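Notes follow the structure.
The values are calculated or read from the model by the stated rules, or taken from the named source; none is laboratory data. Keep in mind the model is a prediction, meaning the values are calculated, not measured. When we count neighbours, we look across all protein chains shown, and the Cβ atoms used for this are built from the backbone with ideal geometry, even at glycine.
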Amino acid sequence: MNHYTFPELKEGLTESFDVTVTAGMMEQFLALTGDTNPMHTDAAYAKAHGGYNDRIVYGMLTASFLSTLGGVYLPGEHCLIHSVETTFPKPVFAGDTLTVSGTVKRLDERFSQAELAVKIVNQKGEKVLRGKMMVGVLGNGE
């Protein structure tokens, strides 16, 4: 876990990590949320109605890795997420390995807040999520 304090953050600072999405993660997400949409639960339905070869991973499961990005990597321990805006340009499938990354774009000293440009790419280099995240950085490093 990283421990960046607000004074340590600089525009352009980037952190990233890799994660492989599993069918088990999808089952856990279904159990947690109750989202039974067949695009996520039925491969035959996803093929017939979406043209996909398999069921697609929940977009919000993919986006949930932004919590790990902020809370573990950038800034890490001192993070409190204020807002997240995302789009999902490509689908994710179980078995995909994702690289989750964030870059500090702007710092607001008044609120000890950082704007991060966030993106997630799959093992083919395709963007599957892009957006921005506003994070508060608790404490001042003293």
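Taking the criterion of being surrounded by 17 or more Cβ atoms within 10 Å (Cβ to Cβ) and part of a strand (DSSP E or B), the residues of segment 86-98 that qualify are Thr86, Leu98. The residues of segment 1-34 that are in a loop (DSSP other than H, G, I, E, B) and surrounded by fewer than 14 Cβ atoms within 10 Å (Cβ to Cβ), listed by number, are Met1, Lys10, Glu11, Gly12, Thr22, Gly34.
In segment 104-125, the qualifying residues are those that are in contact (Cβ under 8 Å) with a residue 24 or more places away in the chain and closer than 30 Å to Ala43 by Cα, and the one that is surrounded by the fewest Cβ atoms within 10 Å (Cβ to Cβ) is Gln123. Only residues that are under 12 Å from the mean Cα position of the chain (by Cα) and either in a loop (DSSP other than H, G, I, E, B) or modelled with pLDDT under 95 (or both) were counted in segment 104-121, giving 0.
In this entry, Thr68 is excluded by the filter for residues that are surrounded by fewer than 19 Cβ atoms within 10 Å (Cβ to Cβ), assigned to a strand (DSSP E or B) and polar (S, T, N, Q).
Are any of the residues in segment 45-63 free of Cβ contacts under 8 Å to residues at least 12 places away in the same chain and surrounded by 19 or more Cβ atoms within 10 Å (Cβ to Cβ)? Yes, that holds for at least one residue. Candidates Ser101, Ser83: the one that is of a type in the set (Ser, Thr, Tyr), assigned to a strand (DSSP E or B), exposed (fewer than 15 other Cβ atoms within 10 Å of the Cβ) and out of contact with any helix residue (DSSP H, G or I) (no Cβ under 7 Å at 6 or more places or on another chain) is Ser83.
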